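First the structure, in the form of structure tokens, and then the observations on it.
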Amino acid sequence: MKERLPGWFICLFTAVMLAFSGFLAWYCVEDASLHDQMADLEISLDTNQGRLRKQQAELEQVQQELPQVLQEAEETQPLADAAQQRVTELKERRKTLREEVAALKEELERLQEN
């Protein structure tokens, strides 16, 4: 006749197997979750690297064009200064003309009263 295993051993074995099964189920869920997070991070990294490459290309283009733009700005600065001076002169002239018009109106009113 076969020997029967003690009851405490059967209970202990069942508890250990239940705990191991629970751990294995938890581990599978966590592993799948981490796998999904890694996939999302890889996509995000690829996107950011592409954005960085684009910005570096734009920076290089701006650095190449900067000397030419600065030269054009230096060439047009005298024209801008002359235009600004002309605007200032025209504003002063307009102010003077308004004062003359006001003086002429006063003189006209004075002459009409007489």
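What follows is calculated from the coordinates using simple rules that are stated; it is not laboratory data. This is a predicted model, so every value here is computed, not measured. Please note: Cβ atoms are built from the backbone with ideal geometry, for glycine as well, and neighbour counts cover all protein chains shown.
Descriptive notes on the structure:
- GLN64 paired with LYS105, simple spin-label distance in nm, labels 7 Å along Cα-to-beta-carbon: 6.1
- Convex hull (Cα only) mean projected area of the stretch 33-114, reported in nm² to one decimal: 12.7
- Computed Kirkwood radius, in angstrom, where 1/r is averaged over Cα pairs of the stretch 13-59: 13.6
- Between helix 7-113 and the chain: long-axis angle, C-alpha atoms, 0 to 90°, nearest 10: 0
- Gain in span if fully extended, ALA25 to THR96, counting 0.36 nm per residue against the direct Cα distance: 16.4 nm
- Selection from PHE13, LEU97, GLN77, by position along the positive dipole direction of the chain (Cβ): PHE13
- Taking a point 7 Å from the Cα of ALA73 along the Cα-to-Cβ direction, the residues of the stretch 36-65 with backbone N closer than 18 Å to it are 59-65.
- Calculated mean residue ellipticity, 222 nm, the chain: -36000 deg cm²/dmol, from DSSP H runs (n ≥ 4) at -39500 (n - 2.57) each, averaged per residue and rounded to 500.
- Pairwise FRET efficiency - ASN48 versus LEU18, Cβ, R0 = 30 Å, nearest 0.05: 0.10
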